[in-house]
Amino acid sequence: MTMTLHLGQTLTFTGDPFREGPSATTHSSRGAVLVEGGRVIETGDVDALRAAHPQANVEDHGDGLILPGFVDAHMHYPQTAMIASWGKRLIDWLNSYTFPEEGKFADRAYADEIAARTLDLAIANGTTTLTSFCTIHPGSVDAFFAAAQARGMAAFAGKTCMDRNAPDYLSDTAQSAHDDSKALIERWHGKGRATYVITPRFSPTSSPEQLSALGALWADHPDCLMQTHLSEQVDEIEWVKGLYPQARDYLDTYETHGLLGERGLYGHAIHLEPREADRLREVGAGLVHCPTSNTFIGSGLFDMAARVAEGQRIGLASDTGGGSSFSMLRVMGAAYEIGQLRRNPIHPAQLLWLATEGSARVLHAQGEIGRLAPGSVADMIVLNLASTPAIAQRSTLASDIWEALFPTIMMGDDRAIAKTYVAGRQMKG
C-alpha cells in the first residue's frame, strides 16, 4: 500500500473544549498526517515523520489547515432541490414544499440523481459524513446508500415513516414502516460504511401504533441508531399535545413507544421542558443543533450553554433543506450567532468540535470519523484560511490559530475547502 504524508498546519483535540476550553487542542504550524490504506497511521511533527517514513509520498499543503472532514448529524437529502424556499412556518413549509418534492422519490432514477447531487455538494463543502432522512420509499434509501458507497463515504440514513397527517402518496402504515425498515436494515446496516437509522419523521406524522412498531424494531436491532425531530417550534409542540393528550410532554410520545435511548438522535430540541432535558441526559441521547434551519424557519434559539451545563451529548447539522446552506462553515457561523443572541459566545474551538468530533460522538462513531488520529478513517479536508480577499486581510492580523480560523468560520464557503479526501482518496482540489 502507498503511504502518503500530508504536510500543513494541523489542529487536533485532546479533550472536549466545552469542558476544558480551547486548551483541549494541539495546533502545529508544521504538522503532518500519515495515511495508508484509507486510514490515519500517525500524526505529528513534519520533520519527525519525514525522517521516520522517507519512502512515503508527500503532499505539501503549505499553510493549509488539515482537519477532519465535517460531520453533518441531521439533514434531508430529498430536500436538496428545494433548499432556500421562501417563508412559512414549519407545518406550512412541509405541506407547501417538502411533501410535494418528497413525492418525486417514488422514481428511483430521480432519487439517484438527487443523492448524487447532495453528496457531491457535501464533498465540495468539506462534509465527508451525512446523516439523512430519506423518504417513505425504500428506493430512496437504496439510492442514498449506493451513492455514498460509490464515493467511499460514511453514511447514516433511513426510510422516513409517516402514517398520518401526510399526503396519501407519502403515507405508509405501522406494519409497512416496520417491514420496509427491517428489510433495509438487513440490506444495508453495517455493510461497508453504511449505518441504518430507524426514522419516524416526528410524532405528528406517526400514529401511536407506528411509533410502537418502530420502537419494537429498534429493540430488535439495538445497534442501529434512531432519528427524529423534537420540540422544534412552539406551535408544533401544541400540535403534539393535542394528538397525544395522555403524554407528559413531547419526549414522552417517543419514550412511551420505545423510542428513547442512548443511540437516539433528536433534531432541534429547542424548547425542552425540564423533565425532557433530564431524561435525555439520563439516557445519554444525542441532541442535534440545526442553527441555520432554526433561524431560516423561525423556530427559536437553541440554548447551548444550558444543554452543555446539563451534560448533554450535542452534535451539529445543516438540516438542509430547512437549513439554507450545504456548508458546515456557515452552520458553525450560525451557531455562533445564536450563541451571541443567547449571551453565550461559542469559541471557535467549540464550534469546530461540534462539526467534527462532537457530531461523531452523537453518531457513536468517534474514533472512526470526526478526528485525525491513528486508526481513524482518513476523511480529511484542507482549509484555506485566506480563501477570499475579505478573509485574507483579516487573517493576516491574527495572533493565534483561533483568530486565523474564525474569519473563515464566519465568512467562508466552499471556496475555503481547498481539498477534500474521503478514506484517503482525493475527491476535491
Quick one: work out Rg over Rh on the C-alpha atoms of the stretch 1-53, Rh as Kirkwood radius. 1.07
Percent accessible area from carbon and sulfur atoms, the stretch 1-85, protein chains only, probe 1.4 Å: 45 percent
At the level of C-alpha centres, the distance separating the stretch 280-338 and the stretch 114-192, in angstrom, is 22 Å
Degrees, to the nearest 10: 174-188 long Cα axis against longest axis of the chain: 30 degrees
Dividing the alpha-carbon Rg of the chain by 2.2 N^0.38 Å yields what? 0.95
Can you tell me the orientation of helix 208-220 relative to the chain, as the angle in degrees between its alpha-carbon axis and the longest Cα principal axis, to the nearest 10? 50 degrees
On the accessible surface of the stretch 267-327, probed at 1.4 Å, how many percent belong to carbon and sulfur atoms? 50 percent
Helix-only [θ]222 nm of the chain, DSSP H runs n ≥ 4, -39500 (n - 2.57) each, per residue, nearest 500: -10500 deg cm²/dmol
Given a 1.4 Å probe, the accessible area of the stretch 312-354 per residue, as a whole number of Å², is 28 Å²
For Cα pairs less than 8 Å apart in space and 6+ apart in sequence, what is the mean separation divided by the residue count of the chain, i.e. the relative contact order in percent? 19 percent
Once phi is turned into ³J(HN,Hα) by the Karplus curve 6.51 cos²θ - 1.76 cosθ + 1.60 with θ = phi - 60°, what whole-Hz value does each residue of the stretch 394-407 show in order, with x for glycine and proline? 6, 5, 5, 8, 5, 9, 8, 5, 6, 5, 6, 7, 4, x
Sites matching trypsin sites (Lys or Arg not before Pro) across the stretch 264-355 that sit in DSSP coil, with at most 10 neighbouring C-beta atoms within 10 Å: Arg343
Please give the FRET efficiency for Asp47 paired with Glu403, using the beta carbon to beta carbon distance and R0 = 22 Å, rounded to the nearest 0.05. 0.25
So the number of lysine pairs in the chain with alpha-carbon atoms under 24 angstrom apart, 8 or more residues apart or on different chains, is 8
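The values are calculated or read from the model by the stated rules, or taken from the named source; none is laboratory data. What you see is a predicted model, and the numbers here were worked out from it, not measured in a lab. Cβ sites come from the backbone with ideal geometry, for glycine too, and all protein chains shown count toward neighbours. Accessible surface is based on the protein model in full, side chains and every heavy atom, while ligands, DNA and RNA are left aside. Shrake-Rupley method; radii C 1.70, N 1.55, O 1.52, S 1.80 Å.
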